[in-house]
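Heads up: the structure comes next, in structure tokens.
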């Protein structure tokens, strides 16, 4: 077996350097814990960017995966399979959706939604051909495809990748007045995260989403909520939209939809939007395959039957409250909702990267974002004594760094 140093060297020599991972080589996981090739144990406080909400290697999802993989993994959508309709039925019942379009990655779900609302704009709303606009927000993150990075405001995401497609006016996040002012007769949708994850767990003002919902409804604009990170229990509700009592016209899910076992995403909407897509206009060889659907069905059941959404609310409130009590001259702010929490450091603290490296050495894995912020998003299976260990470790590391 190769050593960690040898594996890191191979990765550095042969892989594209489009990531800057911490130098820990993981080989096994269970629940909130992961182990490296040297046998060291770490608490995973990133959850693969919320893809592992159900915890690593959840036995119920693993059983569904192995059973379906042994029977029939892939058919393509040229034929029907016996798992897709059951996935449709169960996710619609859970999320109050009327139509579902399954894909593989979060970015694919975003691209799918953009195509669907544009086509809805032309065929239903009556927007002139090739004039449809989808309003987006500054500092939003929706993926890495060309269309998506074209409306990113992050220079690292977009510099060097143009030319980009037009049709994406950008407004400040959390500013409902800016949305209202940006809407034109060509506006077909507003695409927004209910909480900006990659930006550093940025929570909009209270009432923002309610006002956004009202503005979109009044102007016949589709509200598209990207809940790929925030959805499926992460914030202590099934969807973050529930905190303001609204329903989006289009909801995007991914990541935890498969509990970390298999790439899977979905566009959740209604017949008015998804009904505009006809055979041959959109698709994916792997989207809606029986293996993904079996895994997705099991992952959703685990969220509900294991009480993970309520646990995220309970443990997240405790964690946020205790973190807010920490007082150091390096921490600028603690913020979050459910088990989606961030610590922002003052610039003089030397950047968040050094803290993530110090946490790794102490047995806790998290990741920096936007230079001065650390995100903490442990699996939703976390227990109170594990939260207490997490708090003790955070306190010790921050005070010593």
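Taking the C-alpha atoms only, the angle from helix 290-305 to the longest principal axis of the chain is near 70 degrees. As a length-normalised measure over Cα pairs under 8 Å and 6 or more apart, the relative contact order of the stretch 168-271 settles at 22 percent.
Would you mind telling me the antiparallel percentage of the DSSP bridges in the stretch 59-305, rounded to 5? For the stretch 59-305, the DSSP antiparallel bridge percentage is about 45.
For 120, 35, what ranking results if the residue with the fewest other Cβ atoms within 10 Å of its Cβ goes first?
35, 120
Using helices alone, I'd like the mean residue ellipticity at 222 nm for the chain: each DSSP H run of four-plus residues gives -39500 (n - 2.57), total over residue count, nearest 500. Calculated from helices alone, the mean residue ellipticity at 222 nm is -11000 deg cm²/dmol.
Between the helical axis of 352-361 and the longest alpha-carbon principal axis of the chain there is an angle of about 50 degrees. Ordered by the number of other Cβ atoms lying within 10 Å of each residue's own Cβ, fewest first, 124, 192 fall into the sequence 124, 192. Alpha carbon centre of the stretch 369-401 versus the stretch 196-226: separation in Å? Their Cα centres are 28 Å away from one another.
Considering only C-alpha atoms, what is the centroid distance from the stretch 40-55 to the stretch 305-320, in Å? Measuring centre to centre over Cα atoms gives 15 Å. Counting beta carbons within 10 Å around each of 344, 6 and listing the fewest first gives the order 6, 344. Computed on the stretch 200-356, with alpha-carbon pairs under 8 angstrom and 6+ residues apart, the relative contact order is 24 percent. Of the labelled figures (1) 39; (2) 24; (3) 18, only one reflects percent of Cα pairs over 36 Å apart as derived from the coordinates, namely (2). Over the chain, calculate the relative contact order: mean separation of alpha carbon pairs under 8 Å at least 6 apart, over the residue count, as a percent. Reported relative contact order: 23 percent. Angle, helix 4-14 long axis vs. longest principal axis of the chain, Cα atoms, 0 to 90°, nearest 10? So the inclination is approximately 40 degrees.
Between residue 182 and residue 1, the FRET efficiency from the beta-carbon distance, with R0 = 56 Å, is close to 0.50. Remark: the Cα gyration tensor places the stretch 160-288 in the rounded category, a/c being less than 1.5.
Oblate is the label for the stretch 340-382, because the ratio a/c of its alpha-carbon gyration tensor axes (a ≥ b ≥ c) is 1.5 or higher and a/b is not greater than b/c.
Throughout, read-outs are computed from the coordinates displayed, never taken from laboratory work. For clarity, every value in this text was computed on a predicted model and none was experimentally measured. Cβ atoms come from the backbone with ideal geometry, glycine included; neighbour counts cover every protein chain shown.
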